[in-house]
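Participant: Please find one structure pasted underneath; my questions will follow.
No value in this document is a laboratory result; all are computed from the given coordinates. This is a predicted model, so every value here is computed, not measured. Note: ideal-geometry Cβ built from the backbone for every residue, glycine included; neighbour counts use all protein chains shown.
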Ligand code: 0A1
Ligand code: ZN
């Protein structure tokens, strides 16, 4: 998951956005056109004769008319790039079939039949990494969303549920391990050098949950006893040299299994749970029934090669995929428009899990930072869509921060409105009602409504309306009464010019400024365009703390003086609100500075106030370092740009850097002392030691900005003395943004130390592409010629180019070269891996929100891409929406 982006030139066609649809325009699929499939496919038998360059597949489908659907005497079996070798119906060769584009249509005379289709595919030629593909000498699959049709002909839609019996045969040396979903029922050797295995998955599933893996793998094996006393064998399969880095993933898996039993009452339902790590993977991981396939990035971790953030990533993704066994697999989606049914809910589940495993407030801050960094820009741009979209051309483009992260926020709001106990009653009812079914978002809302006893009639608008609501809030005070005046606007988004007010649950507290206390938190639900709430017992005007815990995914415009923000930053007992007050203080200052509203004296005064607030954070002994580290993070350039109608990335970068330097020099001794204190804490995975590592690198960043020589020296000593990747990467990040021989030496040392470890080499590329160094663009161009760079591996492409595209000062280079580079990447990658290529488009798609000179260059690059012949469906859709 993880989660998951282009151009005009003299040869571009400026008229393209208005031109008539091209003959190659991919069709639009609409939610309202959903119809049940005319045929049921209760059983599937697959026979694979495996080879890296040629794999033969015979699929035998037991089909029966679906009494609940319109009648049709043909069955449409989706295919994608497949050739038919033979078709049999009820055991006899058949010629009552035709092709409709890539799909196979078979005419069936009766109500129940058996169809057997043979095909042959070339996994090594599959660079899209969808369907069956070769990765590093092994074979693996990725079928969500529409990859199964690249393996065999099938009604490849999530509402067709079947039980699968799979036989695999392959060379015993090349493929010693043969894995599939469910349980291994039999295996054996043949007379030649091949062997075979037969797997059966008793749980009916849609084709997107099918998986197969074959290759030279070793397993870390463990077990888990479920709440009803069943023993489940757990395996994490990796390449031989990686086995000693699977411990954290295994611990995370066992914790996830236990937590889901305790928190949601969900027990695992097979005797075997397999995870396989592969190095070529488009996303983070995949929840195939009983056989999760993972990007190595989310399995392998040890202290020498993985940062604390990587450890958290492994724990979160392991949990996410495991939780899908109920929210996704036992109850799946009726159609792809319902994707948030499984993804929003599962993201919420993994967030709650991680909150329970570590620090709840810190996890909440991190999740909100992801939402603001990735989802808010999506919601305010040309690609905005509701969490339950109404149409798409390519479903891969809808695995978005909106469907995942905003989807999770929407369900979190339901939970906030009813409380965890009632929410649990709602989810219990949902699982009970829909177990074994392909359900809709509406089914989920209804179950929460009935089970938790909530009225969600108006709340359903969160599923259909895109756009981040803006809430304005003001406190008025008269006599002993404080009145909270609230209003909301849901902004227009593509295809949705007019919006209705939505219920917005806001946790609020009113602080008495004399004693720094409040009389209790209240939940205010703003469900009208404008409303007000009164609170009595305030002799003085109180200080408002609102959207505490980020109770609603909205932006708050609060009319509050800077002193009150400083007050909240020091006194708020809600850690999120405290973080928010500091962020607001910084955002407010940087906006004014960027927009030219400050003279030198104003600027100095604001910087002093901010440095003062930071000083208080450094000195506050009631804070733990994990939280202190969060409070010290400056809002990102992307988030700052998002708060402005039209942003000037150059000015944002300059002002933010200058503020960091000002804080760094005002608090130089404090940061140096913090660095010394934190450096004395020995390595462990305890919260204390993790917190120390976090503030240590924060301190370095500020020191380097305030006093370059001192920062560089300290970074070098942190780098060379590091006994773990968190410290080493943190120091290298600081050095990579600076000039000097230390930068070159450290980068060279890092590469030589880790050049055999692909995940760490990815870090080496990323550190350079995402650095604050002024010559990033040149560095990235040179790195593209590095012998370890390849366009065929998505992790490597992301490590260099995605890091660059999301590095605002480099991407937004004044001469437009960053835009051109990203457009070149999209065009070069599109024929190899369209899914990954399309993920670069949204960055260029931000052109309307950027100052005019850069905006024109961004748009021109989008037009250059649009004019290219033979664009994939993925990239075509993203580029045309971005220009539309
Ligand atoms: N369901 C997975 C995400 C996923 C989606 C598509 C993929 O195909 C390339 C892979 C993974 C999840 O939410 O973890
Ligand atoms: Zn998921």
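Participant: Quick check: Cα centre of region 211-232 to Cα centre of region 62-81, how many Å?
Facilitator: First find each Cα centre; the distance between them is then 35 Å.
Participant: Relative contact order for region 729-861: what percent, with Cα pairs under 8 Å and sequence separation of 6 or more?
Facilitator: 17
Participant: Please give the length that would be gained between residue 680 and residue 717 if that part of the chain were fully extended, namely 0.36 nm times their separation in residues minus their C-alpha to C-alpha distance (nm, one decimal).
Facilitator: 12.0 nm
Participant: Find the eigenvalues of the gyration tensor of the Cα atoms of region 728-792, then list the square roots of 5 times those eigenvalues as equivalent ellipsoid semi-axes, largest first, in whole angstrom.
Facilitator: Values: eigenvalues 62, 44, 19 Å².
So the three semi-axes of region 728-792 are 18, 15, 10 Å.
Participant: Just round it to a whole percent: the fraction of Cα-Cα distances in region 744-872 exceeding 25 Å.
Facilitator: When every Cα pair of region 744-872 is considered, 25 percent fall beyond 25 Å.
Participant: In Å, what is the Rg of the alpha-carbon atoms in region 246-381, and how long is Dmax?
Facilitator: So, for region 246-381, Rg and Dmax equal 14.9, 46 Å respectively.
Participant: Another question about this same structure. Please check which bits of region 415-430 a label hung off residue 527 would reach, taking the label as a point 7 Å along Cα-to-C-beta and the cut-off as backbone N under 17 Å.
Facilitator: Taking a point 7 Å out along Cα→Cβ of residue 527, the residues of region 415-430 whose backbone N falls under 17 Å are 415-419.
Participant: Under the Kirkwood approximation applied to all pairs of distinct alpha-carbon atoms, what is the hydrodynamic radius of region 473-559 in Å?
Facilitator: It works out to 13.9 Å.
Participant: Counting only DSSP beta bridges with both residues in region 473-559, tell me the antiparallel percent, nearest 5.
Facilitator: Approximately 95 percent, going by the DSSP bridge assignments.
Participant: Return the Rg/Rh value of the chain, two decimal places, where both radii are evaluated on C-alpha atoms and Rh is the Kirkwood radius.
Facilitator: On the way: Rg = 27.7 Å, Rh = 28.8 Å.
That ratio equals 0.96.
Participant: Express the relative contact order of region 406-500 as a whole percentage, based on alpha carbon pairs under 8 Å and six or more residues apart in sequence.
Facilitator: Numbers: 91 pairs, mean separation 18.6, N = 95.
Result for region 406-500 is 20 percent.
Participant: In nanometres, what is the gap between the two model label sites at residue 573 and residue 261, each 7 Å from Cα along Cα-to-Cβ?
Facilitator: Going by the 7 Å Cα→Cβ label model, 3.6 nm.
Participant: Same structure, new question: What's the FRET efficiency of residue 189 with residue 425 using the Cβ-Cβ distance as r and R₀ = 45 Å, to the nearest 0.05?
Facilitator: The calculated FRET efficiency here is 0.30.
Participant: Which whole number in µm²/s is D for region 560-662 by Stokes-Einstein, with the Kirkwood Rh taken over Cα pairs at 37 °C and 0.692 mPa s?
Facilitator: The calculation lands on 235 µm²/s.
Participant: When the helices in the chain are scored as -39500 (n - 2.57) per DSSP H run of 4 or longer and the sum is shared across all residues, what 222 nm value do you end up with, to the nearest 500 deg cm²/dmol?
Facilitator: Numbers: 28 runs with 336 residues, N = 884.
Dividing the helical sum by the residues of the chain leaves -12000 deg cm²/dmol.
Participant: Further, regarding this structure: Can you give the relative contact order of region 332-464 as a percent, counting alpha carbon pairs under 8 Å and 6+ residues apart?
Facilitator: Rounded, it is 34 percent for region 332-464.
Participant: Also: Which length gain, in nm to one decimal place, applies between residue 515 and residue 173 when the Cα-Cα distance is subtracted from 0.36 nm times their residue separation?
Facilitator: Values: separation 342, 0.36 × 342 = 123.12 nm, distance 7.40 nm.
Stretched out fully, the residue 515 to residue 173 stretch lengthens by 115.7 nm.
Participant: Highest mean first, how do 213-224, 32-43, 85-96, 724-735 rank when packing is the count of other Cβ atoms within 10 Å averaged over residues?
Facilitator: Ranked by mean Cβ neighbours within 10 Å, highest first: 724-735, 213-224, 32-43, 85-96.
Participant: Right, here's the next one. Highest mean first, what order results for 601-608, 567-574, 146-153 on Cβ atoms within 10 Å?
Facilitator: Those peptides, ordered most packed to least, come out 146-153, 567-574, 601-608.
Participant: On to the next question. Note down the nm distance, to one decimal, between modelled labels 7 Å out along Cα→Cβ at residue 748 and at residue 853.
Facilitator: 3.7
Participant: Give the percent of DSSP beta bridges with both residues in region 241-388 that are antiparallel, rounded to the nearest 5.
Facilitator: Numbers: 2 of 8 bridges.
Rounded to the nearest five, the antiparallel share is 25 percent.
Participant: By DSSP, what percent of the beta bridges with both residues in the chain are antiparallel, rounded to the nearest 5?
Facilitator: Of those bridges, close to 80 percent are antiparallel.
Participant: Considering all projection directions equally, how large on average is the shadow of the alpha-carbon convex hull of region 370-440, in square nanometres?
Facilitator: With the hull built on Cα positions only, its mean projection is 6.1 nm².
Participant: Between region 291-351 and region 605-634, what is the C-alpha centre distance in whole Å?
Facilitator: 33
Participant: Something else now. Using every pair of alpha-carbon atoms in region 667-747, split the distances into 10 Å bins beginning at 0 and state the percent of pairs per bin, rounded to integers.
Facilitator: P(r) for region 667-747, in whole percents per bin: 21, 55, 22, 1.
Participant: Take each of the peptides 532-541, 812-821, average the number of other beta-carbon atoms within 10 Å over its residues, and list them starting from the highest.
Facilitator: The packing order, highest mean first, is 812-821, 532-541.
Participant: FRET efficiency for residue 828 and residue 125, Cβ-Cβ distance as r, R0 = 22 Å, nearest 0.05?
Facilitator: 0.75
Participant: Here's something else I'd like to know. So, in nm, how far is label residue 868 from label residue 95 when the simple model puts each one 7 Å beyond its Cα toward the Cβ?
Facilitator: Label-label distance for residue 868 and residue 95, simple model: 4.3 nm.
Participant: Based on alpha-carbon centroids, what's the gap between region 429-476 and region 701-764 in Å, whole number please?
Facilitator: Distance between centres, Cα-based: 47 Å.
Participant: If I take R0 = 25 Å and measure r between the Cβ atoms of residue 476 and residue 591 in this structure, what FRET efficiency does the formula 1/(1 + (r/R0)^6) give, to the nearest 0.05?
Facilitator: Computed FRET efficiency for residue 476 and residue 591: 0.50.
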